[in-house]
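The values are calculated or read from the model by the stated rules, or taken from the named source; none is laboratory data. Worth saying up front: this structure is predicted, and the values here are computed from it rather than measured. For neighbour counting, all protein chains shown are included, and Cβ atoms are generated from backbone atoms with ideal geometry for every residue, glycine included. All accessible areas refer to the heavy atoms of the entire protein, side chains included, with ligands and DNA or RNA removed. Shrake-Rupley method; radii C 1.70, N 1.55, O 1.52, S 1.80 Å.
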Amino acid sequence: MKICIVSRVDFREPIETAQSLGWMLVDAGHEVVYEDSIASELGYTGVSLSNVSFSADLIVVLGGDGSVLRAVRMLTRQIPIVGVNQGRVGFLTDLEREHAGEILAGLSLPLSVEPRMRITIEYDGEPIGSALNEAVIVTSRPAKMLQFETFINGRKSAEFRADGLIVGTPTGSTAYAMSAGGPIVDPLIEAFVLVPLAPFMLSSRPHLISSSSEIEVRLVSSKPAQLVLDGQMQYDLGEEASLVVRKSPEPALFLDVGRSFFEKVEQKLRLL
Ligand SMILES: NC(=O)c1ccc[n+]([C@@H]2O[C@H](COP(=O)([O-])OP(=O)(O)OC[C@H]3O[C@@H](n4cnc5c(N)ncnc54)[C@H](O)[C@@H]3O)[C@@H](O)[C@H]2O)c1
Ligand SMILES: Nc1ncnc2c1ncn2[C@@H]1O[C@H](COP(=O)(O)OP(=O)(O)OP(=O)(O)O)[C@@H](O)[C@H]1O
């Protein structure tokens with residue numbers, strides 16, 4: 001198989017892991033390429049994630065959740081991906097560093113994957129990006145509320161004031177949405193999680209909406225707001241902005257290594 005290794009490069013351990021893992025995978029008969037930023041740390045010629053998504057069979061990410069979110073975002077075409085935890089929480093990672101080499105070396109095609117719903121976002125009618133965890137519309141001025149209107153398949157569903165609104169996925173239900181009071185959603189379910197941030201009215205509650213729906217969020221107030229995708233891409237929103245969120249036709253493809261989602265919930269989130 002052709003495997004592309006991606007790594008965070010902000011400290012030595014993942015860089016050293018990337019080198020030793022690469023050697024182990026080559027010894028096991030795999031073709032190994034490195035993404036640009038880790039390649040330059042190791043003195044190799046790298047590949048871009050956008051291009052390699054058309055030729056690699058698997059992406060291996062050395063890092064935490066942010067590194068996995070970044071890698072999924074940078075893939076032009078979704079291909080199987082697996083994270084090796086080199087972060088603080090690593091909820092989206094499924095392999096620990098100590099065992100990653102032997103497990104990955106033994107892989108062969110076809111790979112077993114677990115599709116993870118992603119979302120696409122349009123701003124004022126133009127595609128602006130996609131997300132695996134969530135899209136957040138949030139006030140640019142702390143302690144100033146925004147006024148929202150939401151529409152499900154063109155029909156008005158709510159009008160409320162809040163600091164912000166999370167439109168999340170089941171994968172993102174254990175991230176910001178959970179901290180904001182949303183439900184933990186089995187990632188095998190395909191649905192949107194709508195969670196208001198500090199709503200003015202207690203009646204503004206989290207909602208679970210079918211993934212076949214089209215969700216429009218309109219900003220009624222003229223106060224400054226921002227759109228944040230997976231906590232990593234940030235955009236200023238103009239007055240009376242309209243954002244349309246849909247299920248992406250391309251889910252992320254998490255390599256199935258037998259890790260139970262609920263085991264991870266128990267292990268990683270209850271101990272935090
Ligand atoms: N109050 C909060 O809990 C809060 C606030 C902002 C952002 N976030 C989350 O952080 C994500 C970005 O992650 P990052 O690592 O680049 O930023 P980061 O470094 O700020 O990490 C945020 C924390 O969220 C965890 N996390 C991220 N995705 C997760 C998931 N799907 N399930 C469980 N935990 C998850 C990360 O492990 C990290 O501990 C955003 O998508 C958002 O969901 C959480
Ligand atoms: N190769 C890279 N080039 C630039 N930025 C990167 C690269 N790899 C990771 N990052 C960014 O660096 C940060 C690394 O954070 P990451 O989430 O991987 O680790 P962590 O925050 O320690 O762990 P966790 O998110 O699991 O708590 C992320 O924001 C990610 O987007």
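When F151 is tested against (1) touching a strand residue (DSSP E or B) at 6+ places or on another chain (Cβ under 7 Å); (2) free of Cβ contacts under 8 Å to residues at least 12 places away in the same chain, only condition (2) is not met.
The set of residues in the range 61-84 that are within 13 Å of ligand 2 (Cβ to nearest atom) and in contact with a Leu (Cβ under 7 Å, 6 or more places away or on another chain) comprises D65, V68, L69, A71, V72, M74, G83, V84.
Any idea which residue in the range 122-161 is farthest from the chain's Cα centre (by Cα), counting only those that are within 16 Å of ligand 2 (Cβ to nearest atom) and among the small types (G, A, S)? So the residue we want is G129. Would you please name the residue that is nearest to V61 (Cα to Cα), looking only at residues in the range 1-23 that are open to solvent by 30 Å² or more (accessible area, probe 1.4 Å) and touching a residue at least 40 places away in the same chain (Cβ under 8 Å)? Among them, the one singled out is R8.
Counting only residues that are farther than 18 Å from S112 by Cα and in contact (Cβ under 8 Å) with a residue 60 or more places away in the chain, which one in the range 85-100 is farthest from ligand 2 (Cβ to nearest atom)? Don't jump to the end; show me each part of the working.
We begin by selecting, within the range 85-100, every residue farther than 18 Å from S112 by Cα; these are 85-91, 96-99.
Adding the requirement that they be in contact (Cβ under 8 Å) with a residue 60 or more places away in the chain leaves 86-87, 89-91, 97.
Working: Q86: 7, G87: 2, V89: 4, G90: 4, F91: 6, R97: 13 Å.
The residue in question is R97.
Might you let me know whether the range 157-165 holds any residue that is in contact with a helix residue (DSSP H, G or I) (Cβ under 6 Å, 6 or more places away or on another chain) and in a strand (DSSP E or B)? Within the range 157-165 (the criterion being in contact with a helix residue (DSSP H, G or I) (Cβ under 6 Å, 6 or more places away or on another chain) and in a strand (DSSP E or B)), the answer is no, since none of the residues qualifies. Taken across the range 213-227, residues that are closer than 18 Å to G181 by Cβ, open to solvent by less than 30 Å² (accessible area, probe 1.4 Å), in a strand (DSSP E or B) and within 16 Å of ligand 1 (Cβ to nearest atom) do not occur at all.
Taking each residue of the range 176-192 that is farther than 15 Å from F261 by Cβ and looking for partners that are within 16 Å of ligand 2 (Cβ to nearest atom) and open to solvent by 50 Å² or more (accessible area, probe 1.4 Å) with beta-carbon atoms closer than 8 Å, six or more apart or interchain, yields Y176/G231.
Just checking, does the range 231-249 include any residue being assigned to a loop (DSSP other than H, G, I, E, B), in contact (Cβ under 8 Å) with a residue 60 or more places away in the chain and among the acidic types (D, E)? Taking every residue of the range 231-249 in turn, none turns out to be assigned to a loop (DSSP other than H, G, I, E, B), in contact (Cβ under 8 Å) with a residue 60 or more places away in the chain and among the acidic types (D, E).
Within the range 252-267, is there a residue that is among the basic types (K, R) and in a strand (DSSP E or B)? Among the residues of the range 252-267, not one is among the basic types (K, R) and in a strand (DSSP E or B), which makes the answer no.
Checked against (1) open to solvent by less than 30 Å² (accessible area, probe 1.4 Å); (2) among the aliphatic types (A, V, I, L, M); (3) outside any loop (DSSP other than H, G, I, E, B), V26 passes all but condition (1). In this structure, does L202 turn out to be modelled with pLDDT under 95 and either on the phi < 0 side of the Ramachandran plot or open to solvent by 50 Å² or more (accessible area, probe 1.4 Å) (or both)? The answer is yes for L202. Filtering the range 162-199 to residues that are open to solvent by 10 Å² or more (accessible area, probe 1.4 Å) and within 16 Å of ligand 2 (Cβ to nearest atom) leaves T174, A175, Y176, M178, S179.
Looking at the range 31-112, the strands (runs of 3 or more DSSP E) lying wholly inside it that each contain 2 or more residues that are open to solvent by less than 10 Å² (accessible area, probe 1.4 Å) and touching a Pro at 6+ places or on another chain (Cβ under 7 Å) sit at 58-63.
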